[in-house]
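Take a look at the structure set out below.
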Amino acid sequence: MTGTAIVFGIVCVGLAMLLNVYRLIVGPDATDRVIALDTLYINAIVMLFLVGIRLNTEVFYEAALLIAMMGFVGTVAAGKYLRRGSIIE
């Protein structure tokens, strides 16, 4: 039963990622695109955790940690750019 729940979770998160990519491409303005990108990297982290649980390996957890660190820095940089017009002062 647990395997079925993990596969269901992977399918649901995959669908959420597709919807995020749609919003990233079609988004009406830059703010929507930044939020879609932020949500996309969070969904990628969850997907890596689920695949790691399904395959019973720890490699995916390390990849999820790297994506989390890079995603946070990217979100801060994009927010600063949208607010001030430049990243480096």
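Bear in mind these aren't lab numbers, they're just calculated from the coordinates by the rules spelled out. Please read these numbers as outputs of a predicted model, since none were measured by experiment. Every residue, glycine as well, gets a Cβ built from its backbone with ideal geometry; the counts of neighbours run over all protein chains shown.
For the reader, a short list of remarks on this structure follows.
- Lys/Arg +1, Asp/Glu -1 at C-beta; the chain dipole; positive extreme among Gly3, Asn43, Leu19: Leu19
- Gained length - Tyr81 relative to Asp29, 0.36 nm times residue gap less alpha-carbon distance: 17.3 nm
- For the chain, fraction of C-alpha pairs farther apart than 22 Å, in %: 37
- Here the contact order of the chain, divided by its residue count and restricted to Cα pairs under 8 Å and six or more residues apart, works out to 26 percent.
- Between Tyr61 and Ala5, the simple label model (points 7 Å from Cα in the Cβ direction) yields a spacing of 1.9 nm.
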